[in-house]
Amino acid sequence: MLAGARESGTEVVLLSGGTDLVPALRSGERRADAVVALRRVQELRVRGAGADSLTVGAGVTYTDLVGWSLSPGLARTARVVGSVQIRNTGTVGGALGSARPAGDLLTFLTAADAEVLTASPSGPARLPLARFLAGGPAPGAVVTAVRLARPGGPQTYLKIGGRQAAFPAVVSCAVLVDRLRRSLTCAIGGVGRLPARMEEAESAAAGDIDWATGTASPAAARRFADLVTAAAARIAPALPVGPRESAEYRWHAAGVLAGRAFTRCLLPAATPDEPT
Amino acid sequence: MSGGETYRLHVDGFPRTVSGAWIGDSLLTVLRDALGVTAVKDACEQGRCGACSVLLDGRLAASCTVLAADADGARVVTVAGLGTVGLARAVRATFLAEGAVQCGFCTPGFVVAVTDLLTRRPDADADELREALAGNICRCTGYGRIIAAVQAVQRDRAVQRDRDAR
Ligand SMILES: Cc1cc2nc3c(=O)[nH]c(=O)nc-3n(C[C@H](O)[C@H](O)[C@H](O)COP(=O)(O)OP(=O)(O)OC[C@H]3O[C@@H](n4cnc5c(N)ncnc54)[C@H](O)[C@@H]3O)c2cc1C
Ligand code: FES
Ligand code: FES
């Protein structure tokens, strides 16, 4: 239906929770001649755990994720989205469909090297999040789920911005430590059009972490923060700046959040979101 | 779903039929404009203020972010449908007694949100209360009286629970 409609010029939109789409229809920012409502598709609401991976259906809400002990990092990310009203209604599929520059889930999934599962007339497909975001879904494709590795160490998510319940983050930061693979991954949202990986800071961190204990020094945290600030400043094209959100502010905030996230995950006295 | 089909909502316990509404209409618009349910308030239409809060199949939601046609068959509860006994009555009465109502525009949304919160988390502490009510904006009270009212309800209900336990 989606693919056919696109050819005929009819505007068919996918609807999940509606927290982004419904206000946009009301304000005239989006148009719809027909709506495909996914909220009741039970198959999209499943959450599952395999031997090494976790699968989260596109219809899973933030509230569903808040208490999920298998992924404390996802749970923490979901907990800081919007308000109770938004968390009860907004979904994983909608977060991918909206692809906000500092989307909380999008930032976390970028750091988690997540894969996106889609269904379309040409069959099911699975592709890395970055590819999904770069190309957009194939015409007529519906996101059915995201898949990510089971946590291999501490993970955390931090963001900064205006009133959380009413406005998405200005800058967001996810840090995931994997003790088995001896790697740290970090994504920063709110600087470029989409959350971006901080590869240079990631490899420096991998060298700075004492993998026998899974800890690092305050000096390593400072170096990490500086590398993230510098990398953020190189992201192009940067987002248009607002009066209270200059590019310099965002770069600085990226470094501050990254330093804090690193500290929470790797400095002994801190309390990261440990897997249970 | 496309043009103006007919669908049914259960609003505050009554079946209501909606016909001819635009497919893109929010639940808020349909409740107020098509069904005359003015217990939900219309302020930001952006999901930010909570004035339009309802329970949708038992879950707190901002009705301006819900597509009305997608609520086909769902149970919608506004402040008017919360009931006149028990927790909902206590929340309403205590809001009045504690001065948590000034202009009153935010009150219907707050009463729905507070009733939902205290049903799920009767013993939430002050921080949790503030966080859980962050989706409801009040331009008048500065929130102090609202939090005080919620805590007064919590105290009364704790006393009641103790009494029932004896
Ligand atoms: C007041 C308010 C506060 C918010 N706060 C935050 C916040 O703190 N952090 C944050 O990250 N976001 C926030 N948001 C944004 C929003 O809630 C999230 O992006 C949410 O995940 C959207 O999900 P939804 O189910 O409501 O999406 P919908 O509105 O239903 O859809 C959003 C988009 O995704 C498309 N889509 C939906 N499902 C699919 C699918 N399965 N496959 C492909 N495309 C699909 C739709 O066509 C649409 O374009 C906020 C929104 C509001 C209104
Ligand atoms: S009118 Fe719905 S949240 Fe403000
Ligand atoms: S009492 Fe006026 S907005 Fe709350």
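The values are calculated or read from the model by the stated rules, or taken from the named source; none is laboratory data. This is a predicted model, so every value here is computed, not measured. All Cβ positions, glycine included, derive from the backbone under ideal geometry; neighbour counts span all protein chains shown. These accessible areas exclude ligands, DNA and RNA; they are computed on the full protein's heavy atoms, side chains included. Shrake-Rupley method; radii C 1.70, N 1.55, O 1.52, S 1.80 Å.
Miscellaneous remarks
- On a per residue basis, region B:5-81 carries 37 Å² of accessible surface, using protein heavy atoms and a 1.4 Å probe.
- Averaged over its residues, region B:83-165 has an accessible area of 52 Å² per residue, based on protein heavy atoms and a 1.4 Å probe.
- For region B:36-60, a reduction of at least 50 Å² in accessible area between the chain on its own and the assembled protein chains (probe 1.4 Å) is found at B:GLU45, B:ARG48, B:ARG59, B:LEU60.
- Dipole-positive endmost among B:TYR7, B:ALA71, B:GLY86 within region B:1-100 (Cβ charges, Cα centre): B:GLY86
- Protein accessible area in region A:155-266, 1.4 Å probe - carbon and sulfur %: 56 percent
- Accessible-area rank, largest first, for A:ASP64, B:ASP57: B:ASP57, A:ASP64, with all protein chains present and a 1.4 angstrom probe.
- Interface residues, region B:69-83 - accessible area loss of 10 Å² or more versus chain alone, probe 1.4 Å: B:ASP70, B:ASP72
- What the phi angles of region A:150-164 give under the Karplus curve with 6.51, -1.76 and 1.60, with θ = phi - 60°, is a coupling list of 4, x, x, x, x, 9, 8, 9, 9, 8, 9, x, x, 4, 4 Hz, glycine and proline written as x.
- DSSP H segments from chain A that extend 27 Å or more along their own axis, Cα-based, with Kyte-Doolittle mean of -1.0 or above: A:247-266
- Residues losing 20 Å² or more accessible surface upon assembly, region B:13-30, compared with the chain by itself, 1.4 Å: B:TRP22, B:ILE23, B:GLY24, B:THR29
- From phi via Karplus (6.51, -1.76, 1.60), per-residue ³J(HN,Hα) for region A:186-194 in Hz, x at Gly/Pro: 9, 10, 10, x, x, 9, x, 5, 9
- Largest first, the residues A:THR107, A:THR10, B:THR119 sort by 1.4 Å accessible area into B:THR119, A:THR10, A:THR107.
- Cα gyration tensor shape of region B:5-81, rounded if a/c is under 1.5, else prolate or oblate by comparing a/b with b/c: oblate
- Selected from A:ALA111, A:VAL36, A:PRO101, residue furthest toward positive end of dipole (chain A; charges at beta carbon): A:VAL36
- Largest to smallest in accessible area, the residues A:TYR249, A:TYR62, A:TYR157, B:TYR143 fall in the order A:TYR249, B:TYR143, A:TYR62, A:TYR157 (1.4 Å probe, all protein chains included).
- Take the accessible area of chain A alone and of chain B alone, subtract that of the pair, and you get about 2600 Å² summed over both chains, using a 1.4 Å probe.
- For region A:155-266, a simple Cβ point-charge model (Lys and Arg +1, Asp and Glu -1, everything else neutral) yields a dipole of about 300 debye relative to the Cα centre.
- Distant-in-sequence amide H partners of A:VAL36 (H built 1.01 Å from N, under 5 Å): A:VAL13, A:LEU14, A:LEU15
- The loop-placed GluC sites (Glu not before Pro) in region A:1-85, going by DSSP, that have at most 15 neighbouring Cβ atoms within 10 Å of their Cβ come out as A:GLU11, A:GLU29.
- Estimated purely from DSSP H runs of n ≥ 4, each contributing -39500 (n - 2.57), the mean residue ellipticity at 222 nm for chain B is -10500 deg cm²/dmol once divided by its residues.
- Rounded, prolate or oblate (a/c below 1.5 giving rounded, otherwise prolate when a/b exceeds b/c) for region B:83-165 by Cα gyration tensor: prolate
- Anisotropy class of the protein assembly as shown from Cα gyration tensor, a/c 1.5 cut: oblate
- GNM top mover of A:ALA261, A:ALA205, A:ALA238 - chain A, alpha-carbon springs below 10 Å: A:ALA238
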